[in-house]
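Each remark here refers to the structure printed beneath this line.
Nothing in this text is a laboratory measurement; each read-out follows from the coordinates by a stated rule. All of these numbers come straight from a predicted model, not from anything done at the bench. Here Cβ is always computed from backbone atoms with ideal geometry, including for glycine, and neighbour counts include all displayed protein chains.
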Amino acid sequence: MTAPHSFDPALSAFLARYDHQPGEESPVAVFDCDGTMIQGDIGEAMFHRQIEQFWFRCSPASVWPDHPARGEIDDLYQALRGVPEGSQQERQEFSAFADYLISWYIDQIKNGMVAKACTDIVRLFTGFTREEVRALAHSVWEHELASSLRPRRLGSATVPSGIRYLRPAVDLLRELQRRHFDVWVISGSNLWSVEAVFAPLGVPADRIIGIDLREREGRLSAEEVTPVPIREEKVAAFHLRIRERPLLVASDSKNDIPLFLDARELKVRINSRHRDTDDFFRSVGTPADATWVLIEQPEIIEQMEFPWQIQH
């Protein structure tokens with residue numbers, strides 16, 4: 001069994017060493033989601049779609065107690081929730097409401113509060129059932145796959161539209177599955193949207209870790225499940241589920257350097273956001289060596305290629 005010729009030589013050599021058969025102990029590989037398996041950010045896409053469609057069961061002010069404009073947000077929310085479903089964007093209050101939510105998220109990201117920002121937008125689904133948010137996540141994923149790759153307006157902000165799979169990550173994941181690797185996914189997006197991305201690729205939900213909320217009486221609360229899988233806590237969240245260090249880690253981000261360094265053998269950086277590679281390795285603290293595979297210009301998949309469901 002040989003790896004596809006399109007793989008980097010170091011990656012092909014790695015795959016050639018691991019040709020496991022069913023029944024043997026499976027080696028472990030870990031993938032990030034946003035910027036790694038997909039071009040785009042599925043967690044942000046779900047956040048933006050939630051605002052557009054006004055999918056709320058409670059006021060954002062009630063789950064963001066530290067927001068300095070809680071009163072204004074709640075007033076806008078109460079005005080918008082009283083109009084017919086689907087008509088919120090036609091109201092003058094909508095733009096200000098969207099701006100408050102989007103700017104809170106963006107400002108926290110800019111100030112280095114990545115885990116807080118990502119968790120705060122997940123808290124907006126407080127009051128939904130788990131089944132409801134999974135259905136919403138799948139609808140967002142289908143919407144993003146069908147959308148053109150171009151920015152759009154949301155309130156006064158410009159936000160991205162359209163998400164696509166990245167061919168190098170898809171090919172690698174499928175090859176690892178073919179060789180009977182135990183593939184895990186760890187993402188700083190909400191759990192339900194990441195499940196939607198990886199379901200067509202045959203990754204079971206019990207192998208996916210994302211930001212999640214605790215349930216109270218059958219509905220999601222504003223309390224996050226810890227550790228929140230961002231930066232160092234990705235490693236902690238993974239090792240709560242499995243003690244074994246992964247043989248391979250694939251990601252795109254400086255935020256995942258701790259996860260990369262947890263890999264026992266190979267680190268695959270998929271540079272879909274075209275970030276400075278030298279800057280990345282300055283953050284790592286060492287230059288690239290033989291344990292790194294760098295994919296600098298990952299190809300997007302414009303058309304869905306089915307069947308993608310992997311048979312085990």
Problem - Projected label distance in nm at residue 221 and residue 62, using a 7 Å step from Cα toward the beta-carbon - result: 1.5
Completion exercise
Mean-square fluctuation maximum in Gaussian network of the chain, Cα pairs under 10 Å, restricted to 270, 106, 209, hits 106
Completion exercise
Semi-axes of the range 104-192 from the Cα gyration tensor (sqrt of 5 times each eigenvalue, largest first, whole Å) come to 27, 18, 16
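Of the DSSP beta bridges with both residues in the chain, give the percent that are antiparallel, rounding to the nearest 5. Kindly include the intermediate steps, with their values, before the conclusion.
Working: 9 of 28 bridges.
Once the DSSP bridges in the chain are tallied, antiparallel ones form about 30 percent.
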Practice task
Using only Cα atoms, locate the centre of the range 23-40 and the centre of the range 110-136, then give the distance between them in Å, rounded to an integer.
Solution key: 22
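Would you mind getting the Kirkwood hydrodynamic radius of the range 42-159 from its Cα pairs, rounded to one decimal in Å?
Details: mean 1/r = 0.0677 Å⁻¹.
Hydrodynamic radius (Kirkwood, Cα only) of the range 42-159 equals 14.8 Å.
Most exposed first by the Cβ proxy, i.e. fewest other Cβ within 10 Å, how do 165, 18 rank?
The order, fewest Cβ neighbours first, is 18, 165.
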Exercise for the section: Between beta-carbons, use under 11 Å as the cut-off and find the net charge around residue 244, counting Lys and Arg +1, Asp and Glu -1. Expected result: +1
Handout entry: GluC sites (Glu not before Pro) lying in DSSP loop within the range 5-97, provided at most 15 other Cβ fall within 10 Å
Key = 24, 25, 85
Practice task
Measure off 7 Å from each Cα along the Cα-to-Cβ vector at residue 286 and residue 153, then give the distance between these two points in nanometres to one decimal.
Solution key: 5.1
Practice task
Would you mind computing, in nm to one decimal, how far apart the modelled labels at residue 110 and residue 275 are, each placed 7 Å from Cα along Cα→Cβ?
Solution key: 1.9
Practice task
Rounded to the nearest Å, what's the spacing between the alpha carbon centres of the range 49-106 and the range 259-278? Just the number, please.
Solution key: 37
Completion exercise
In the chain, helical segments from DSSP H whose Cα atoms cover 18 Å or more along their own axis and that average at least -1.0 on the Kyte-Doolittle scale are 93-110, 130-146
Practice task
Please give the length that would be gained between residue 130 and residue 12 if that part of the chain were fully extended, namely 0.36 nm times their separation in residues minus their C-alpha to C-alpha distance (nm, one decimal).
Solution key: 38.5 nm
Fill in the blank from the handout: Note to self, the chain gives a 222 nm [θ] from helices alone (DSSP H runs n ≥ 4, -39500 (n - 2.57) apiece, / all residues, nearest 500) of -12000 deg cm²/dmol
Problem - Ranked list, fewest to most other Cβ atoms within 10 Å of each Cβ, for 124, 80, 240 - result: 240, 80, 124
Exercise for the section: Go through the range 52-89 and name the trypsin sites (Lys or Arg not before Pro) that are in a DSSP coil and have 15 or fewer other Cβ atoms within 10 Å of their Cβ. Expected result: 57
Exercise for the section: Hey, for a label at residue 146 modelled as a point 7 Å past Cα toward Cβ, could you say which residues of the range 32-46 have their backbone N under 17 Å away? Expected result: 46
Completion exercise
The residues 33, 58, sorted from fewest to most surrounding Cβ atoms within 10 Å, come out as 58, 33
Handout entry: Relative contact order of the range 42-159, defined on C-alpha pairs under 8 angstrom at six or more residues apart (%)
Key = 33
Problem - Alpha carbon convex hull of the chain, volume per residue in cubic angstrom - result: 140
